[in-house]
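Undergrad: Submitted below is the structure of interest, expressed as structure tokens.
Nothing in this text is a laboratory measurement; each read-out follows from the coordinates by a stated rule. This structure is a prediction, so every number in the text was calculated from the model and none was measured. Every residue, glycine as well, gets a Cβ built from its backbone with ideal geometry; the counts of neighbours run over all protein chains shown.
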Amino acid sequence: MSRHDSAPEAERDEELTNAANWRAVTLIQVDVDDLPSSIASGAVPGDRIWIEATKHGQVVGVVEAHAGNERVPASVLKELLGSFSDAKVSSYDTVPDELLPKASVVVPTICQNPAQLLRTVNAFLQLNYPDFEILIVDNRAGRPGPPFPEFPDDERVQLLSEPMRGISAARNRGVAASSGEFVAFTDDDAVVDPDRLRALGARFVTEPEVGVIGGLVLPLELDTEPQLWFEEFYGGFSQSFQAETLSIEAQKGKDPMFSYASTTRRNSAPPSRSVCQ
């Protein structure tokens, strides 16, 4: 076999070896306002761990490290305290239930994982919000797949169908059928915070000039290499842990292409994730 022919085979062998040696990254949440002196990592010593620093229940940053002897190294705890003890947290005004607008939650899906879809729906049904509906949009468009799960018998849950393939078409179908005063989109594998809709609804009431609201989206697990690649090389879904209001007026003189080329300003990784050696 020639040198040229053996090179691809060597590369494949290396890829298989790397895949065999892959170990999941352990995710840990730590409250920096009540930081214990020692924390179990739940990981094999030497494995990578991602520690989400929280304040008042909100994630304010992430530190990456390696597990010690089944504990989070003391140097990492010191890093957490030094970096995030004074971090600012987002807040929203309390609005009486009777003033909160009805919400329509739109969930496009091709039902690749019925269990995850059901988990998403159940998470929304537990939300702390007085008036909302969940519109699940079947976008399989004739493609074969597992059957839909049996959703809870709840009048707030509706199953729609969109024959045109694509998440945009599915979302538009949900919007067309919605009866809420605002629409909240989510993926079919997301687990939402119990106060998500209340935070959105309150913001729309207290700041009526706001037209669109986004939020922090963090990984639920890092069990596979593609999940880690998405966070490390693309930067995940979230580019900041701080609340920020953007408008064309506020960007005048700063970025002439805002908001048409805003994606060119994305960072390659979340700015608040640090690596502790």
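Undergrad: Between segment 146-208 and segment 88-130, what is the separation of their alpha carbon centroids in Å?
TA: Rounded to whole Å, the Cα centres lie 8 Å apart.
Undergrad: Treat each spin label as a single point 7 Å out from the Cα along the C-beta direction, and report the residue 210 to residue 230 distance in nm.
TA: So the label points at residue 210 and residue 230 sit 2.6 nm apart.
Undergrad: Dividing the Cα convex hull volume of segment 97-206 by residue count, how many Å³ per residue is that?
TA: Spelled out: Cα convex hull of segment 97-206, divided by residues, is 91 Å³.
Undergrad: Just to be sure I understand the model, the point goes 7 Å from the Cα along the line to the Cβ. What's the resulting residue 153 to residue 176 distance in nm?
TA: With each label placed 7 Å out from Cα toward Cβ, I get 3.2 nm.
Undergrad: Sticking with this structure for a sec: Compute the projected area of the convex hull of the Cα atoms of segment 77-122, averaged over all viewing directions, and report it in nm² to one decimal place.
TA: Spelled out: convex hull of the Cα atoms, projected over all directions, averaged, 7.0 nm².
Undergrad: Any idea what the dipole of segment 64-116 comes to, in debye rounded to 20, about its Cα centre with Lys/Arg Cβ at +1 and Asp/Glu Cβ at -1?
TA: That gives a dipole near 140 debye.
Undergrad: Using Cα-only point scatterers and the Debye equation, what is log10 of I(q)/I(0) for segment 21-98 at each q in 0.18, 0.26 Å⁻¹, rounded to two decimals?
TA: -0.70, -1.21
Undergrad: Whole-Å semi-axes of segment 25-179's equivalent ellipsoid, largest first, each the root of 5 times a Cα gyration tensor eigenvalue?
TA: Taking √(5λ) for each eigenvalue gives 39, 23, 13 Å, largest first.
Undergrad: Summing Lys, Arg as +1 and Asp, Glu as -1, what charge do residues with Cβ under 12 Å from the Cβ of residue 86 carry, residue 86 excluded?
TA: +1
Undergrad: Run the dipole for segment 122-241 about the Cα centre, Lys and Arg Cβ at +1, Asp and Glu Cβ at -1, nothing else charged, and hand back the magnitude in debye, nearest 20.
TA: 460
Undergrad: Hey, with R₀ at 25 Å, roughly what FRET efficiency would residue 247 and residue 89 work out to, going by the Cβ-Cβ distance, to 0.05?
TA: Between residue 247 and residue 89 the formula returns 0.65.
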